[in-house]
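Readers should treat all values here as calculations from the given coordinates under stated rules, not as data from a laboratory. As the structure is a computational prediction, the values presented were derived from the model and not from experiment.
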Amino acid sequence: MNASNPFFDNIEKKTQMKKEDIYSIADSVSNADFSNPEVVRQLIARIGRTAGVPVSKEKEEALVKAITSGNVPGNLSSLSKMFGQKP
C-alpha cells in the first residue's frame, strides 16, 4: 500500500489509529472468511481495540449479522449511521 496516500492520512487523523495499524488490519482481511461469525467477531474486536473504541455486544451482534449475511453498507455515510456517528 502507498504510505503517502492522503486517504490513509485522513483516516489516521479521524480515528487516531496509526497508518501501520490500518495497513496491518487491511492486510489481515484480504483473505478473511467473512461468512464465519468468529472471524468477523475477531476483526471487530481488533479494530475496536486498535481505535480505542468500545463495541457493545449489541453493536457487535448487529455488525456480525450484517457482515456475515453480506448486508454491509456500500458507502461511508451508511456505515457511519450503522455506528451511530455523523460522517
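With an 8 Å cut-off on Cα pairs and a minimum separation of 6 or more residues, tell me the relative contact order of segment 7-67 in percent.
Details: 29 pairs, mean separation 18.3, N = 61.
Answer for segment 7-67 is 30 percent.
Rounded, prolate or oblate, given the Cα gyration tensor of segment 7-67, with a/c below 1.5 counting as rounded? Before the final figure, lay out each step's value.
Working: a/c = 2.43, a/b = 1.43, b/c = 1.70.
Note, shape of segment 7-67 comes out oblate.
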